[in-house]
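Report on one structure; see the data block that follows.
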Amino acid sequence: MRELNVGIVGGGIAGLSTAIFLARDGHRVDVFERAREIPPAGAGLLL
């Protein structure tokens, strides 16, 4: 499979999870998030 350049808008749980899986598969991933920091509100979330 060829390497893809992927842009993900949103640094929430879905965006970051998708970015991790794509990067592990060898794709180049950029995540765009408007917030300067990601709050720890979802730190206890279990999937």
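The values are calculated or read from the model by the stated rules, or taken from the named source; none is laboratory data. Given the structure is predicted, the values throughout are model-derived calculations rather than measurements. Don't worry about glycine lacking a Cβ; one is built from the backbone with ideal geometry, like all the others, and counts go over all protein chains shown.
Okay, residues lined up against (1) surrounded by fewer than 12 Cβ atoms within 10 Å (Cβ to Cβ); (2) in contact with a helix residue (DSSP H, G or I) (Cβ under 7 Å, 6 or more places away or on another chain); (3) at pLDDT below 95:
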{"position": "ARG2", "(1), (2), (3)": "yes, no, yes"}
{"position": "VAL6", "(1), (2), (3)": "no, yes, no"}
{"position": "THR18", "(1), (2), (3)": "no, no, no"}
{"position": "LEU22", "(1), (2), (3)": "no, no, no"}
{"position": "ASP25", "(1), (2), (3)": "yes, no, no"}
{"position": "ASP30", "(1), (2), (3)": "yes, no, no"}
{"position": "ARG36", "(1), (2), (3)": "yes, no, yes"}
{"position": "ALA41", "(1), (2), (3)": "yes, no, yes"}
{"position": "LEU47", "(1), (2), (3)": "yes, no, yes"}
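Among the residues of the stretch 5-37, just one is among the aliphatic types (A, V, I, L, M) and over 12 Å from the mean Cα position of the chain (by Cα), namely ALA35. Residues that are among the aliphatic types (A, V, I, L, M) and without any contact (Cβ under 8 Å) to a residue 24 or more places away in the chain within the stretch 10-28 comprise ALA14, LEU16, ALA19, ILE20, LEU22, ALA23, listed in sequence order.
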